[in-house]
Each structure stands twice: as structure tokens, then as C-alpha cells.
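See structure below.
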Amino acid sequence: MSYVLFSKGTIDMKIKTPIIAQLEAESGDARQAAEIIETTVHEQRHYANFGGTFHLLKFGKKGEATPVRLCNFTAEIEREIIKNDGHETSRHFTVSGRLESGQPMPTVDVPASEFNSLDWLTTAWGASPQIAVGSRFKDHVAAAIKEHSDPELVKLCQHIGWVQHSDELIYLTASGGIGVNGLNEDARCELQGALADFNLPDPVDPRTLDLSKILAGFRDVHKDGIGLLLLGTAMRATLCQYIPAIFSVYMQGTTGTYKSALAGVLQSFWGIKFDGAHLPANWSSTSNANEKVAFLAKDALLVVDDFIARGTRSEVAKMHANAERLLRAQGNQAGRGRLTSKAELRNAFYPRGLILATGEDVPNGRSLQARLVYMNVALGAINIVELTELQRLAKMGELTKIMSSFLQWLALEAKDGQLTQLIELALECDRGNIGKSGHARTQDNLANLLTGLRIFLHFCEEVGEIGAPETEGFMDHATETARRLVTLQASLDHESSDAQRFIELIQIAVSSGKAHIECCSGGNPENSRALGWREVDTGTFRRIEAMGSRIGWVDGETLYLSPGASLSAIKSISSALDNHFGSSERAISKSLREAGLLSRCDKGRNTTKVSILGVRPNVYAFKIEDVFDLDSQTNVPIGYDPSEIPF
């Protein structure tokens, strides 16, 4: 291109060639580079950005800087995120970048421990970003990115529940933190999977909520009255920050009883997406996954749905073991210890909220009974009309509004220093109201459910403008239901005790032909058919045969069982039933004596010595009527129906 220069009456025509233009451009770039280098040196940096690429500044003996190209892009760390799940703290970088051509690269989340290696570069941005070949150039690029970044520091919780945030107690869900001032969206919470659906709205004025209708709905949703106790379960979960829950609630019923639908209503207090078909955990997940989810669901109800033990023997045994492990962790408030790859102890995950489990089967484990509150859901027991109405209110978000407002009230009570005292007083009151029948731990478990309900009713009365007579009526109804459950639980505890299982398995072993009882003088005893013998008609004569191994002897009204032989027989039977009897001989002896089943014991022992066929073994001594019912037994030859025998 040509142009004209005017100067003092003369006109000069000069032509600007491409070479001149290039030289001028290079001269401009050089001046710009020199300015960048000067600024970089002044700021004591080691890397510079020339033309959209990172350069390493190498300094000569005289202090002059020479730029060395490192890559064809630039990048910066926008945010440095500190994540905490309650046990472990991890750092992540949010990185953005741009190619030399100006093309932006997508923002990527990089664990801080993986950042320096730059292995994430190709995975996140593909083949376009390139690093020059040179000694430690990857290290220099990582250092250049850090040097040219001024990230925002962000702290994220990865769990639900109560935390201290800027000197304020708040309850975290995916939407933010609920405190005395309502919903604080600046309290950031990162939840994954189904936990992301734990999402509560800003609290509303409790007077705008139809709390009486909700309470009446839970009262009437189940004919046995367990609805209010289940409501108390949900509210008790929010108090685990102050008094951890050392029990779980288990709803057992066959398919078609709507137990999962009712559990879904309770879970929907934490999010409108929850229902009977969408629950945060299930028994088909791995035990490690359920333990981690239960740990992150802090101070919240966690429904673990649909325990059905089906499949091969090993699969069934594994299901029972996984269920027992999770429920035991809730009861003990301790998880299974593990080691890291460096043989160091790793923090164990355990439930920090309250588990509500459902299933058609009941998990094995004799010691689980004291850690569970069983609620039977029989076919037809649930009021479909009331359940449908509760589901409608849940989908409208009414239950989440109630939970948000309740949590705001709890935060205010905690700020005033009254919440802990309120919980303790309520527990003391409810323990007294239940009475002394049943196992002490069962009483305490049910008292905890009543306490959850009592504190919620206190909220309804104080800020929801529900009258005291009405709340007292709901409380009396729930307390009466709890007393009935104590009696039911005592029966379950008895059935699951070591002593009772021992007796039941002895009966099964004998009746199934796996074991038999002899007469003290040898041979078959009276009522031999009931004691593991059979009559065989050979066609020419009848023969009495013993079935299985001998496990004991009978002497009149006394039954003697060999500890070793009887325990061996019942362990084999229990394993075949996929419910292994793992107790030791010493534990069995102690349990039988404490249950009052042993009719005679030698001093300082749980057994007695008797003379049998010339030897004096140590045996368990029982009244035979406590083990076998012999009243209706008759000896019948095998192969004949009793109606066909003429005499």
C-alpha cells in the first residue's frame, strides 16, 4: 500500500513494502515483550505470557532475560475448593484455559494432588494443548499456571446436617444452610447422587402450615397407630447432633403393604423428589456405599429400602451380613476399621443420622434386636386415603416447608442454649411414660422416637398456634402405641435369644431326622418317634431305628444334652437355614442358665455330671417338657397312614 507524506511545501511519495511492515510488527512485538519481561522481572516472576502462550524467563550472567516458549496455551486456576465430608479434607482446582489461537477451553475440576502431573490436560482438553519438549517443561507449565493465578478460596461441605458457619449454627442441604435467619445460600454444600435431592426451601411462617392436618394424617395412616411414631422418627433424626441415635427403625411387611410408599412420605420431609419409588439408599447397593451414604446423611432420616434375601446360599448370606453390618454400625455408632495402602488406619464411616429400613425379610443377627425398633406393616393395615393425601402434600412441598421451619426453630432454640436441656427433659419424661416392661434398651429406643415427636409438637404449639389439648392428644396416642411395641419387642427379643434359638434348633434337628435322644440305659426311649426314632416295617417284622447322631439322653422327666454333640448338630442345621448359629459353648451355657432353662447345675458350672452307660459326662439338664412337647406323640410304623391302622 502507498501513501503520501506532506512536509513544508514538498510532496514525497513512499511505498511501505511487506518486509517493512513485518519489521515494524516484529519491532512492536519486541517492545511489548521487553515491557512484559521488565514487568515480570520487577514482580520477581519466572514466567511470562507472550501472545497467548507461557514462556520461561531464563536469565543470563548480566541479568538479561531470555524467554523460552513452554506451550501453546495459557491457563489459570479460578477457584481453589476445600471439600470436607466430615472425616477427610481434600482440595480441588477449577481450571480454565485458552489456546494461542484464542479458542477457550472448557472449565475443568482437577484434584490438587493430580494437578502438577498435568495428566489431566489431555483427558480434559484433548490433543490441542501442547507442551514443548524440554527438560522439566511440564513442571514449568504447572508452575506458570499457579504463578499467573489468583484463585477464589471456596469451602464446601459434602454432607447434610448441622455445622458451624461464620459463628452461626446452620443445617445444610443442597440448597444452602438453614439457620435462625432462614436459608443462607452462601453456605455452600456439594452433594452427590441421591443425596443431591436433600433440598430444603426457605422457611415460612409456621402459622401458614396446616400442622393439625399433617399430624392427624400420620395418626390415622396406619391402623395400629405407628404413624405418629414414624413421624417422631423423622424429627428425632434432626437431633442426632446433640444425642446420636444408637438404634434403627425397621418396617417389615410383605409386598403390596405400601411400606415403601409410607417410608417415601417420611423421606420427602427432606426433598420433594423423594417418594416410594425414589429413595436415597437400598439394600442392593454395596455395604461400603451404604455406609458412606449413611455417614454423609448427617442429622437426617435415611431410608434404606427393600431388604429381600433371595438368590444362592452365598448371596443370601452376604445380604444378611451386609444388612447386619450397617444396622450394627448405627447401633454402635462405629464403623468397620480399615487400613490404607500404607497400612495406616483409615477413618471409618458410620451412620450419623437415623436409618429407617424396609424389607420383606428381617436381617439375621441375634444382637440386632436390641438395636432395632420393629414395626410390622400387615396387608391392609395402611389407610390408602390418608397415605394418598400425605403423598399429595409431599409433592406440593408442604412437608419440606414444615421441615425447614422446624429446623429454623431448632437453630433458634440452640442459639438460646435451650435445645440440649429440652431434649434431655423430653427423654426423661418419655422413658418414664413407657414403663419398665421389656428390654431396657428397647424402652430407650422407643422413648427416643417419642422425644422426636414431643419436640416437634412443642414447635407446633409454640409457633404453629396449635392448642395444648390437641398436642397432648397426639402425644398420648403415640405413647400408647409405644407401650404396645415394647411388649411386641420383648417377644421378639425372647425368640431371638441364644437360649431360645438353641431350643428351637434342637427341635428342628430331632424332628428332621438329623439327631436323636437315647434312653439313659441305652436303646429307644418312650415317645421314641418324638425323640428322633422311627419304626420301619420291613414286611416281615418292625424295626426301630435311630435317625442322625445321638445328642443326648432321657431319664424320666429329665433330658440330658451333650454340649458338644448338640452344638455341632444345631450349627449344621442353622447353616443350612442360612442363619448360622455362631455362639460358643460357653456363651450358650450362660444364656441357658440365665433363661432359667437348666433344671440342675453343679456348683460353679452351667453343666452337671450324670452316670450314663458307665461314664460320667458333663451335660445340660432340662425338664423334658421345656424342650419337647410329648403329649400328642404316638409311635406309627413308617409307610402307613394312622387312619389305615385298625387297632
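The values are calculated or read from the model by the stated rules, or taken from the named source; none is laboratory data. From a predicted model like this one, the values you see are computed outputs, not experimental measurements. Cβ atoms come from the backbone with ideal geometry, glycine included; neighbour counts cover every protein chain shown. Only protein heavy atoms, including side chains, enter the accessible area calculation; ligands, DNA and RNA are left aside. Shrake-Rupley method; radii C 1.70, N 1.55, O 1.52, S 1.80 Å.
Applying 1/(1 + (r/R0)^6) with R0 = 41 Å to the Cβ-Cβ distance of T558 and R441, what FRET efficiency is obtained, to the nearest 0.05?
Numbers: r = 35 Å, r/R0 = 0.86.
That pair, T558 with R441, gives E of 0.70.
Give me the mean projected area, in nm² to one decimal, of the convex hull enclosing the Cα positions of the stretch 474-548.
8.0 nm²
Take F50, F59 and sort them by solvent-accessible surface of the protein heavy atoms, 1.4 Å probe, largest at the top.
F59, F50
Between 0 and 90 degrees, rounded to the nearest ten: what's the tilt of helix 18-42 against the longest Cα principal axis of the chain?
Roughly 60 degrees, rounded to the nearest 10.
Defining a contact as two alpha carbons under 8 Å apart and six or more residues distant in sequence, what relative contact order in percent does the chain show?
10 percent
Could you please state how large a percent of the accessible area of the stretch 351-393 is carbon and sulfur, counting protein chains only and using a 1.4 Å probe?
Details: 770 of 1460 Å².
Within the stretch 351-393, the accessible surface is 53 percent carbon and sulfur.
What shape does the stretch 572-622 take by its C-alpha gyration tensor, where a ≥ b ≥ c are the square roots of the eigenvalues and a/c under 1.5 counts as rounded, a/b above b/c as prolate, and the rest as oblate? List each step's numbers first, then the result.
Details: a/c = 2.76, a/b = 1.60, b/c = 1.73.
Since a/c reaches 1.5 but b/c is at least a/b, the shape of the stretch 572-622 is classed as oblate.
Just from its helices, what would the mean residue ellipticity at 222 nm be for the chain, if runs of 4 or more DSSP H residues each count -39500 (n - 2.57) and the sum is divided by every residue, rounded to the nearest 500 deg cm²/dmol?
Only helices count here, giving -12000 deg cm²/dmol.
Only one of the listed values, (i) 3, 12, 17, 15, 13, 12, 10, 7, 5, 3, 2, 1, 1, 0, 0, 0; (ii) 3, 16, 25, 25, 17, 10, 4, 1, 0; (iii) 3, 14, 24, 29, 22, 8, 1, 0, was derived from the coordinates as P(r) over Cα pairs in 10 Å bins from 0, in percent; which label is it?
(i)
In the calculated pair distance distribution of the stretch 235-282, what percentage of Cα-Cα distances lie above 15 Å?
54 percent
Considering only protein heavy atoms, what per residue accessible area in square angstrom results for the stretch 169-270 with a 1.4 angstrom probe? Mind dumping the intermediate values first?
On the way: 3180 Å² over 102 residues.
Accessible surface, normalised per residue, equals 31 Å².
Send over the Kirkwood Rh of the stretch 139-214, from the inverse of the averaged 1/r over different Cα pairs, rounded to one decimal Å. Write out the running numbers ahead of the final one.
Working: mean 1/r = 0.0667 Å⁻¹.
The answer is 15.0 Å.
For E152 and A334 in the same chain, what is the full-extension length gain: residue separation times 0.36 nm, less their Cα-Cα distance, in nm?
Full extension from E152 to A334 adds 61.9 nm.
Express the carbon and sulfur contribution to the solvent-accessible surface of the stretch 218-260 as a percent, rounded to the nearest whole number, probe 1.4 angstrom.
Taking all protein chains in place, the stretch 218-260 shows 49 percent carbon and sulfur surface.
On average, how much accessible surface per residue is there in the stretch 355-454, in Å², for a 1.4 Å probe, leaving out ligands, DNA and RNA?
Counting only protein heavy atoms, the per-residue value for the stretch 355-454 is 39 Å².
Just the number, please: carbon plus sulfur as a percent of the accessible area of the stretch 69-120, 1.4 Å probe, no ligands or DNA/RNA counted.
Values: 1060 of 2480 Å².
The value for the stretch 69-120 is 43 percent carbon and sulfur by accessible area.
For E315 and E585, what does the FRET efficiency come to when R0 = 35 Å and r is the distance between their Cβ atoms, rounded to the nearest 0.05?
0.70
Each label point is 7 Å from the Cα along the Cα-to-Cβ direction; what then is the distance between the points at R484 and R188, in nm?
It works out to 5.1 nm between the two label points.
Using a simple spin-label model with points 7 Å from Cα along the Cα→Cβ vector, what separation in nm is obtained for T540 and C519?
Inter-label distance under the simple model: 2.5 nm.
Output the direction-averaged projected area (hull surface divided by four) of the convex hull of the alpha-carbon atoms of the stretch 43-197, in nm².
So the mean shadow area of the Cα hull is 12.4 nm².
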